[in-house]
Amino acid sequence: MSKRYVTSLSEIAELSPANLEDLKDVAEKFAFRVSRYYLDLINWHDPNDPLRRVVIPSNDELVPWGSLDASNESEFTVTPGLQHKYSDTALLLVNDTCGAYCRFCFRKRLFIDDNTEVVKDISEPLKYLRQHPEISNVVLSGGDPLILSEARLRRIFEDLAAIPHVQVIRIGSRMPAFDPISLLEHPALFDLIHELTARKSIYLMAHFNHDRELTRVAVDCLAAFRKAGAVVLNQTPLIVGVNDDPKTLGKLFQRLILAGVQPYYVFQCRPTEGNYALTLPLEKAYQIFATAQIECSGLARAARFVLSHTTGKIEVVGMDDSFIYMRYHRAVQHSDHGRMLVFRRNASACWLDDYSCSPESEV
């Protein structure tokens with residue numbers, strides 16, 4: 001029986017020796033990992049297959065651009081393994097491994113040697129959480145929490161559930177897309193979720209980028225989380241060559257709704273090192289997002305197009321011939337809550353920092 005996960009490109013029979021030689025430098029620079037399940041979804045006869053683009057390295061990743069911590073998460077790290085950016089929400093990094101490593105990942109620094117941001121001993125993060133009663137939401141991330149053992153997950157969940165003011169636990173996971181079979185093979189996971197929902201609100205923040213990831217078994221996996229009592233939402237970045245046209249994105253929205261999953265956030269790719277060729281200009285990305293929603297029901301139109309900027313989560317709310325309009329959906333500074341930003345259009349801008357912030361263009 002073959003291994004469940006592949007950690008070397010040389011293990012992929014569909015890649016020729018010439019392919020492997022060509023990708024040698026990028027494979028040495030950025031970590032690679034993928035599930036056998038996901039590899040089987042790729043159409044290897046199509047060099048531009050969108051699922052291939054999600055997980056198989058490209059030399060475009062070597063183009064100099066961005067930084068490894070594009071949203072300055074280090075600034076909000078209050079103790080190793082725990083970020084506290086918004087007053088009521090904390091982010092707990094519980095793992096430094098995923099079912100697969102997305103080529104567009106904004107936390108690829110976690111998978112580089114000598115990373116110290118993820119800790120196995122979460123006693124200090126738990127101590128901080130207990131001391132901060134304003135924190136009602138804890139997001140489990142990493143890495144992927146659902147690749148942890150059920151016993152390890154139970155300990156984490158029980159520790160969080162014992163904190164009275166923590167009312168919501170969110171699980172950020174790509175495992176329903178990358179390896180849903182492995183989750184369904186462990187019904188104890190869903191029993192645990194069901195137990196927890198009697199005490200806390202549990203949200204699964206799923207990450208499906210393309211409708212082809214919503215296989216029958218993936219939809220069954222999502223249904224199992226819903227049956228266990230979790231609320232299931234989906235978020236995805238807009239990615240060049242993956243979901244960067246309105247029909248593709250709209251189909252993803254529609255398939256999610258049919259699966260009982262609410263589209264939640266669509267992200268502008270952060271300016272992360274290695275992500276240049278995967279990142280759309282911001283205004284083009286927003287046009288794709290807005291056009292995709294036109295043919296969708298109101299349920300799909302609940303999704304927001306946002307940037308996770310150092311200063312907060314900023315939603316793009318509209319454009320006209322001259323200006324692009326944004327607002328702070330979440331803000332680090334209380335004075336920024338709900339504040340509108342109006343900038344003159346800049347077709348080449350990929351991030352908030354690419355716009356002029358003169359008094360004439362910001363209100």
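Just the residues that are modelled with pLDDT of 95 or more, among the acidic types (Asp, Glu) and touching a strand residue (DSSP E or B) at 6+ places or on another chain (Cβ under 7 Å), please, taken from region 74-97. Once the filter is applied, which keeps residues that are modelled with pLDDT of 95 or more, among the acidic types (Asp, Glu) and touching a strand residue (DSSP E or B) at 6+ places or on another chain (Cβ under 7 Å), region 74-97 yields only 88. Against the conditions (1) buried (at least 19 other Cβ atoms within 10 Å of the Cβ); (2) within 20 Å of residue 294 (Cβ to Cβ); (3) among the hydrophobic types (A, V, I, L, M, F, W, C), residue 269 satisfies every one except (2).
Restricting attention to region 319-336, the residues that are surrounded by 12 or more Cβ atoms within 10 Å (Cβ to Cβ) and either modelled with pLDDT under 95 or assigned to a strand (DSSP E or B) (or both) add up to 10.
Would it be correct to say that residue 292 is buried (at least 22 other Cβ atoms within 10 Å of the Cβ) and among the small types (Gly, Ala, Ser)? Yes; evaluated as a whole, the condition is true for this residue.
Matching residues to (1) assigned to a loop (DSSP other than H, G, I, E, B); (2) in contact with a strand residue (DSSP E or B) (Cβ under 6 Å, 6 or more places away or on another chain):
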site	(1), (2)
99	yes, yes
102	yes, no
106	yes, yes
110	no, no
116	yes, no
124	no, yes
132	yes, no
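Output the residues belonging to region 212-235 that are touching a Phe, Trp or Tyr at 6+ places or on another chain (Cβ under 7 Å) and assigned to a loop (DSSP other than H, G, I, E, B). Of everything in region 212-235, those that are touching a Phe, Trp or Tyr at 6+ places or on another chain (Cβ under 7 Å) and assigned to a loop (DSSP other than H, G, I, E, B) turn out to be 214, 230.
How many residues does region 48-82 hold that are under 30 Å from residue 127 (Cβ atoms) and either free of Cβ contacts under 8 Å to residues at least 24 places away in the same chain or not in a loop (DSSP other than H, G, I, E, B) (or both)? Summing the residues that are under 30 Å from residue 127 (Cβ atoms) and either free of Cβ contacts under 8 Å to residues at least 24 places away in the same chain or not in a loop (DSSP other than H, G, I, E, B) (or both) in region 48-82 gives 8. The condition of being surrounded by fewer than 19 Cβ atoms within 10 Å (Cβ to Cβ), on the phi < 0 side of the Ramachandran plot and within 22 Å of the chain's Cα centre (by Cα) does not hold for residue 8. The set of residues from region 11-42 being among the hydrophobic types (A, V, I, L, M, F, W, C), part of a loop (DSSP other than H, G, I, E, B) and within 22 Å of the chain's Cα centre (by Cα) comprises 30, 31, 32, 41, 42.
Considering the conditions (1) assigned to a helix (DSSP H, G or I); (2) touching a Lys or Arg at 6+ places or on another chain (Cβ under 8 Å); (3) without any contact (Cβ under 8 Å) to a residue 60 or more places away in the chain, residue 169 is excluded by exactly one of them, (1). Selection over region 142-153 of residues that are outside any loop (DSSP other than H, G, I, E, B) and either in contact with a Leu (Cβ under 6 Å, 6 or more places away or on another chain) or loosely packed, with under 12 Cβ neighbours inside 10 Å (or both) gives a count of 3.
The values are calculated or read from the model by the stated rules, or taken from the named source; none is laboratory data. Source: prediction; values computed, not measured. Here Cβ is always computed from backbone atoms with ideal geometry, including for glycine, and neighbour counts include all displayed protein chains.
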